[in-house]
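Here the structure is laid out as structure tokens; the discussion comes afterwards.
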Amino acid sequence: MTSNKVVDIKALAQDLRAGHRAALARAITLIESRRGDHQAAARDLVQALLPDTGKAVRVGITGSPGVGKSTTIDGLGMFLVERGHKVAVLAVDPSSARTGGSILGDKTRMARLAASERAYIRPSPASGTLGGVAAKTREAMLLCEAAGFDVVLVETVGIGQSETAVCDMTDFFLALMLPGAGDELQGIKKGLVELADMIAVNKADGDNIKRANIAAAEYRGALHILTPRSEHWHPPVVTYSALTGTGIDVLWRKILDHRTAMNASGEFASRRRQQQIKWMWSMLEQRMMARLRADASVRAKVKKIEAEVADGRVTPSLGAEQIAEMLR
């Protein structure tokens, strides 16, 4: 995609709809490109494919390091593939610019899924800012849907804000937890539990089963005192084992139950509509930031204002106003 030749959007869209993996990889590389002509081509491509999108089950998955996210995604992905689904795995990793990302390592931990013809795994672009990564992941999700993937699993590798970003682009948000809830519950982020459509306690195998059940009971207690995101769905707490595969079928069944409940209440469609508007504003913020970075003279002025703010000569609010003036 780095060559200067004009991208043939029509041919690329056609190959993508036909489910060609190489076309999907090329298309995602195109939307991740920072070149102006590529970005314009990417906008045209996503617009052309819009009628072919939106039909997939979009699931966001989060969990602290060591919870077994990759093994869970591998297990759930294989469970779905064996039942005739096509599964795409995307990552939102704002830290990837610094660390080189973690899903690249995950690909080896998702060995079975990575080898499947009916699955597609894509690491997040190393664009550093969460907004940038999230915007690219959203578009990648639409491309995967157009290519015929009917389940898209979006993994959040970062923490905090990336969870909100993934929640805002998916239909179902799954929080993975570990047994040993006594300490876990202390460290659990209230915000995360409020976002979750389901809490799943992993490693419910061998000697851990009792601990997993105790943890699940504690999480159920915690959820009772929080207001659920939707009046039509009370987040369940389940136990499973990514290692043995026990309970993976329950995870999927709950995801489908949630979809049925949301569709019946009309909330599914309204949530998707709200997400579209949020995406537009987030893209607008990206575009404005890109404009500030693109022009060398503007960049120099911004640097000067930054220095004045850092030295305490100009207030942050005045600095922001001066930068906003440049965008007019």
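Starting from the Cα of residue 315, step 7 Å along the direction of its Cβ; do the same at residue 55; then give the gap between the two resulting points in nm.
If labels sit at residue 315 and residue 55, their model points lie 5.5 nm apart.
What pairs from 55/278; 203/254; 136/203; 86/136; 69/278 go past 29 Å between their alpha carbons? Walk me through the numbers on the way to the answer.
Numbers: 55/278 19 Å; 203/254 19 Å; 136/203 32 Å; 86/136 21 Å; 69/278 27 Å.
From 55/278; 203/254; 136/203; 86/136; 69/278, over 29 Å: 136/203.
Relative to the present Cα-Cα distance, how much length would full extension add between residue 115 and residue 270 at 0.36 nm per residue of separation?
Working: separation 155, 0.36 × 155 = 55.80 nm, distance 3.66 nm.
Extending this stretch completely gives an extra 52.1 nm.
Can you work out the FRET efficiency for the pair residue 290 and residue 259, with r the C-beta to C-beta distance and R0 = 35 Å, to the nearest 0.05? Mind dumping the intermediate values first?
Numbers: r = 36 Å, r/R0 = 1.02.
Efficiency, from the Cβ-Cβ distance: 0.50.
Just the number please: accessible area per residue for the chain, 1.4 Å probe, all protein chains included, in Å².
Numbers: 16150 Å² over 328 residues.
Per residue, the chain has an accessible area of 49 Å².
Per residue Cα convex hull volume for the chain, in cubic angstrom?
That works out to 162 Å³ per residue.
Of the heavy-atom accessible surface of the chain (probe 1.4 angstrom), what whole percent is carbon and sulfur?
The C+S portion of the solvent-accessible surface of the chain is 56 percent.
The values are calculated or read from the model by the stated rules, or taken from the named source; none is laboratory data. Because the structure is a prediction, the values reported are computed rather than measured. So basically every Cβ, Gly included, is an ideal-geometry build from the backbone, and we count neighbours across all protein chains shown. Surface accessibility is based on the protein's heavy atoms, side chains included, excluding ligands, DNA and RNA. Shrake-Rupley method; radii C 1.70, N 1.55, O 1.52, S 1.80 Å.
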